[in-house]
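Rule-based calculations on the coordinates, nothing more; no lab input. Being a predicted model, the structure only gives us computed values, none of them experimental. Positions of Cβ are generated from backbone atoms using ideal geometry, with glycine treated the same way; all protein chains shown enter the neighbour counts.
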Amino acid sequence: MIRKLFTGHCHEAGETYLEHLGFTVKTSATLLFSGFALFIHGIFPFLFTTTASANIKRLNATILARAAKAPETNVAPLHKKAA
C-alpha cells in the first residue's frame with residue numbers, strides 16, 4: 001500500500017521513482033530560478049528580459065515530449081494552434 005503511494009503516479013507516467021524524482025527536482029529548480037529572475041526583472045526591467053518566458057517554453061516542450069511517451073497521460077499543450 002505505501003509503496004503504491006510512492007510509485008503509482010510514476011508508473012502511470014512511464015517512469016521509475018528515481019527518474020520521476022530527478023525530473024521534478026530539475027523542474028523545481030528551473031521554476032525557482034525563473035521566479036527569482038522575474039522578481040529581479042520587476043525591480044530592474046533591463047535584467048532577465050526573456051529568462052522566465054524562455055524557461056517556461058522549454059519546460060512546456062519537455063513536459064509535452066514526456067507526456068507523448070507516457071502510457072497514460074492527460075497533459076495538454078499550453079496553446080492549441082488553430083487548424
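Okay, here's what the table says:
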| quantity | calculated |
| --- | --- |
| Dipole magnitude of the range 2-69 about its Cα centre (Cβ charges: Lys, Arg +1; Asp, Glu -1), debye to nearest 20 | 80 |
| Over the chain: helical MRE at 222 nm, DSSP H runs n ≥ 4 each giving -39500 (n - 2.57), nearest 500 | -23500 deg cm²/dmol |
| Measure of compaction for the range 2-69 (Cα Rg per 2.2 N^0.38 Å) | 1.41 |
